[in-house]
1. How many residues are polar (S, T, N, Q) and open to solvent by less than 70 Å² (accessible area, probe 1.4 Å) when one looks only at the range 11-62?
2. Starting from residues that are more than 12 Å from Pro58 (Cβ to Cβ) and in contact (Cβ under 8 Å) with a residue 12 or more places away in the chain, keep the ones in the range 1-10 and report whichever is most open to solvent (accessible area, probe 1.4 Å).
3. Could you list, ordered by first residue, the pairs with Cβ atoms under 6 Å in which the first is in the range 40-64 and among the hydrophobic types (A, V, I, L, M, F, W, C) and the second is open to solvent by less than 70 Å² (accessible area, probe 1.4 Å) and not in a helix (DSSP H, G or I), at least 6 apart or interchain?
4. Anything in the range 30-71 that is closer than 22 Å to Ala7 by Cβ, among the acidic types (Asp, Glu) and under 20 Å from the mean Cα position of the chain (by Cα)? List them, or say none.
5. State the number of residues belonging to the range 25-41 that are under 15 Å from Glu73 (Cα atoms) and part of a loop (DSSP other than H, G, I, E, B).
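The values are calculated or read from the model by the stated rules, or taken from the named source; none is laboratory data. None of the values given here were measured: they were computed from a predicted structure. Neighbour counts run over all protein chains shown; Cβ positions are idealised from the backbone, glycine included. Accessible surface is based on the protein model in full, side chains and every heavy atom, while ligands, DNA and RNA are left aside. Shrake-Rupley method; radii C 1.70, N 1.55, O 1.52, S 1.80 Å.
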Amino acid sequence: MPAVDPAQLQKAFGSLESDALSECQSMCQAFGLGADELFIRWQTYVINRHGGDAGIRPTRERLLDVRVTLQQESDRRASQRQPQAVPTVKLSRNRERTHYDKKSVEGLLQNM
C-alpha cells in the first residue's frame, strides 16, 4: 500500500505532533491501513484503555500501544490460516519391469 498522505492523517486525527504523525504513517504502511481505518483503531484503543475520554491525544507512546495490538491481531490471523497442503509425489510403477536374478546383479557389481 502506498504511503498515506500526512494531510489525510491530520484530517482524521486533528493536529498531530511530528513523531505521532510519523508513527501513524509507519503503522498505515506496515498494516495496510488507510487514515480513516487507523483512526477507527485509535478510537477503539481510547474506548478500551481510557474509557472513551475524548481528551486523550494520540502521542507516539499511545500509538505504540495501538501498534502492539495491531501486530498481535496480525499474528493471530497468520497463525489461524491453514497451511498449504504439500503436494505428494506419486511414483509410477512399471508393471513390465525387468527382473534380474541375484547372480547377474552380483556380476555387474563386480565389474564396476
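1. 5
2. Here the answer is Met1.
3. Taking only residues 6 or more apart or on different chains, the pairs are Trp42/Pro58; Val46/Ile56.
4. Glu37
5. Count: 2.
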